[in-house]
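In what follows, a structure is listed as C-alpha cells, so that the remarks can point back to it.
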Amino acid sequence: MLGETMQVTISSGNNINGTLILPLFEGGEALPEIVEGIPTALKSQINRVLADGDFKAKANATMTLAGTEGGKAMLVGLGKAGKADTHAYREAGATVVASCKKVHGNELTVVFHNTDVPCMTSFAEGMMLRDYSYDLYKKKDEDETNLAARINCSEGDATALSAAIDRAASIASGVHLSRDLGNCPPNDMYPMAFAEKAEQWAKQYDNAKVEVIDYEAAKRHGMGGLVAVGMGSSRKPCMVIFTLNGDQKGQHPMLVGKGITFDTGGISLKPGAGMDEMKYDMGGSATVFGTMEALASSGYAGKVVAITCMAENMPAANAQRPGDVITTLSGKTIEVLNTDAEGRLVLSDGLWKAGTDYDPEYIVDFATLTGACVVALGHEATGLWSNDDDFRTRIHEAGNDVGELAWPMPLLPAFEKEMTDSKIADTRNLGAGRWGGANTAAAFLKQFVPNRSDDEDAEQITWAHMDIAGTYWGAKSNKMVGHGATGIHVRTMVRLITGE
C-alpha cells in the first residue's frame with residue numbers, strides 16, 4: 001500500500017496466527033526439534049512432505065500446505081545451510097510476500113529454526129521491501145487489508161530483534177518513498193511538485209530543513225545548466241536542498257541527485273517507443289530524497305546535506321538547442337551538442353554548489369544518466385566511478401553488504417580529454433563517438449567537482465558518481481520489487497553513511 005511499510009512484530013510465544021511461514025534449509029527430511037508450537041496435524045503433513053522429498057528447500061522455492069486441521073503453512077527454501085547468508089534470508093522474505101495469495105490471508109507467523117538475529121532481521125527486511133505496490137491511481141476494494149507478519153523468537157532475542165526490525169522498517173520507508181516518487185506519473189510529478197513534497201516532509205522532523213531555489217533564483221545565481229535544461233518547459237526547474245542535523249559542525253556527507261521529472265530529449269527528441277518510462281529519469285533525486293527519509297526516520301544524529309536538481313526536459317520555442325553554449329554555476333562553459341544529454345548539465349550546477357557552498361567529507365551523485373551504462377552492465381549492477389579508489393571500494397562494499405551491486409568503472413584521462421575537447425567552450429556535453437558513453441559522461445561530471453581549496457596544488461573533493469539507469473527501474477531480477485521504481489541504493493547510502 002502506498003506510503004506504508006508492512007507491520008512486522010515480535011513475539012516470544014509459540015502461538016501461530018494466520019498462515020505459518022517456515023524458512024527451511026535444503027536437505028532436511030524432518031522439521032528440526034527447535035521448531036515449536038506447530039499443531040500436530042500440520043507438523044505431520046510438513047514432515048511427510050520433507051521425508052518424501054516433495055519440497056527440497058532450494059533457495060526461494062515455496063510450497064503452500066492448506067486444508068489440514070492444523071491450519072495453513074508456506075514452506076520457503078533458504079538453500080544449503082552453509083551458503084544461507086543474510087542475503088539468502090532477505091530474498092526468502094521477499095519471496096514469501098511475492099508468493100502470498102488470497103488463500104494465505106493477511107496474517108503471517110514466521111517461525112525460524114536458525115535464531116541468528118541478523119538473519120531474522122534480513123528476512124523481515126525482505127518482506128517489508130517486497131510488500132509494496134503503487135496503487136494511488138487505482139480503485140480500492142473496501143475490504144482490502146495490508147499484510148502483517150509476526151516473528152516468533154526466544155525471550156533472549158526479542159529486544160535485539162525488535163530494535164533491528166524497527167530500524168529496518170525506517171530504512172524501508174525511505175526505499176518506498178523513493179519508489180513512490182519514481183512511480184508517480186509526470187503530470188503530477190514535476191519540479192515544483194517534488195519541491196513541495198520535500199517541504200512537507202521536512203515538517204515531520206525537528207532536525208530536517210528544506211530550501212528551494214526556484215527558477216528565477218536559479219537564473220540570478222547563474223545556474224546555467226539547470227536553467228538551460230528546464231527553460232523550455234512551462235513547469236520550470238528548481239533546486240531542492242535537504243539538510244539533516246544542520247547544527248552539527250565539521251565535514252559531512254553530501255548527496256546530489258539528477259531530477260529530470262520527464263525527459264523527452266528536448267530538441268534532440270527521443271523515439272516514441274518506451275518514452276513513458278522517462279518519468280523515471282528523476283530516479284537520482286528520488287534516491288537522494290529516500291535516503292534522507294531513511295536517515296531521519298531511523299534517528300541518525302550526524303549532519304548530511306543533499307541537493308536535487310529538478311527539471312523537465314521539453315522541446316519548445318524557448319528550449320535550448322544543439323549548438324548552444326551555456327555558462328554554468330562554476331563559470332565553466334558547455335557546448336551543448338545534444339539536448340538529450342541533459343542530466344549532466346543539471347548535475348554540473350549541483351556538484352559545484354555541493355563543493356563550494358558546503359564542507360563535504362565526500363560527494364556522491366546519483367543519476368539515471370546513460371543508456372550506455374545499461375548496455376555495459378544490464379539491469380544487474382549500477383555503474384560506479386570515483387576520483388578516489390579507496391572511496392569507490394567503500395561504496396562497492398556497502399552495496400555488497402545490503403545486496404545492491406555497484407560495479408567499479410574506469411575514469412581514464414582519455415575520457416576527460418574527450419569531454420574537454422570542444423573548439424568553442426570549456427567542455428562538451430557529448431563524447432566524440434558512441435564508444436564508452438557511460439565513462440565519458442562520468443568524466444564530464446568530474447570537471448564540475450571543485451577542489452578542496454583555491455590553492456594551486458589542492459586536491460579535488462572526494463567524489464563518486466553512480467549511474468542507476470539500469471537499476472532504478474526495469475530490473476526484473478531484483479527480488480525486492482515487483483514492478484516499476486526499485487528505490488535502489490537508499491540502503492547502500494545508509495550503510496555507507498552510518499556504518500550500520
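Evaluate segment 432-450: report whether one residue or more is more than 18 Å from H87 (Cα to Cα) and among the charged types (D, E, K, R).
Yes - at least one qualifying residue is present in segment 432-450.
Go through T333, T327, T356, T308 for me and flag whichever is under 17 Å from D263 (Cα atoms) and hydroxyl-bearing (S, T, Y).
None of the others qualify; the one that does is T308.
Is it true that some residue in segment 275-290 is of a type outside the set (A, V, I, L, M, F, W, C), over 24 Å from A464 (Cβ atoms) and either in contact with a helix residue (DSSP H, G or I) (Cβ under 6 Å, 6 or more places away or on another chain) or not in a helix (DSSP H, G or I) (or both)?
Taking every residue of segment 275-290 in turn, none turns out to be of a type outside the set (A, V, I, L, M, F, W, C), over 24 Å from A464 (Cβ atoms) and either in contact with a helix residue (DSSP H, G or I) (Cβ under 6 Å, 6 or more places away or on another chain) or not in a helix (DSSP H, G or I) (or both).
Which residue pairs have Cβ atoms under 6 Å apart, sit 6 or more places apart or on different chains, and have a first residue in segment 325-349 that is assigned by TED's automatic domain parsing to the domain that holds K258 and a second that is among the aromatic types (F, W, Y)?
L329/W352; S330/W352; S330/F448; R344/F444; S348/F448
So, of the residues in segment 379-410 that are more than 17 Å from the chain's Cα centre (by Cα) and outside any helix (DSSP H, G or I), which turns out to be surrounded by the fewest Cβ atoms within 10 Å (Cβ to Cβ)?
Applying the filter and picking the extreme gives P410.
Could you go through segment 209-232 and let me know if any residue there is of a type outside the set (V, I, T), surrounded by fewer than 19 Cβ atoms within 10 Å (Cβ to Cβ) and under 26 Å from S173 (Cβ atoms).
Kept after step one, since they are of a type outside the set (V, I, T), are these residues of segment 209-232: 209, 211, 214-226, 228, 230-232.
Checking which are surrounded by fewer than 19 Cβ atoms within 10 Å (Cβ to Cβ) leaves us with 209, 211, 214, 216-217, 219-222, 231.
Those left that are additionally under 26 Å from S173 (Cβ atoms): 209, 211.
Within segment 209-232 (the criterion being of a type outside the set (V, I, T), surrounded by fewer than 19 Cβ atoms within 10 Å (Cβ to Cβ) and under 26 Å from S173 (Cβ atoms)), the answer is yes, since at least one residue qualifies.
Looking at (1) acidic (D, E); (2) more than 30 Å from A163 (Cβ to Cβ); (3) in contact with a Pro (Cβ under 9 Å, 6 or more places away or on another chain), which is the one condition that is false for E361?
(2)
Within segment 446-500, work out how many residues are loosely packed, with under 15 Cβ neighbours inside 10 Å and within 23 Å of the chain's Cα centre (by Cα).
5
Scan segment 432-445 for residues that are buried (at least 23 other Cβ atoms within 10 Å of the Cβ) and over 12 Å from D365 (Cα atoms) and jot them down.
Residues satisfying the conditions are A438, N439, T440, A441, A443, F444.
Hey, among the residues in segment 15-59 that are out of contact with any strand residue (DSSP E or B) (no Cβ under 6 Å at 6 or more places or on another chain) and among the polar types (S, T, N, Q), which one's nearest to G105 (Cα to Cα)?
N15
For the structure I just gave you, tell me whether D421 is surrounded by fewer than 24 Cβ atoms within 10 Å (Cβ to Cβ), free of Cβ contacts under 8 Å to residues at least 60 places away in the same chain and acidic (D, E).
Yes.
Residues T40, T64: which one is hydroxyl-bearing (S, T, Y) and under 33 Å from the mean Cα position of the chain (by Cα)?
Exactly one residue qualifies, and that residue is T64.
The values are calculated or read from the model by the stated rules, or taken from the named source; none is laboratory data. Please read these numbers as outputs of a predicted model, since none were measured by experiment. Because the Cβ atoms are built from the backbone with ideal geometry, glycine has one as well, and the counts that use them run over all protein chains shown.
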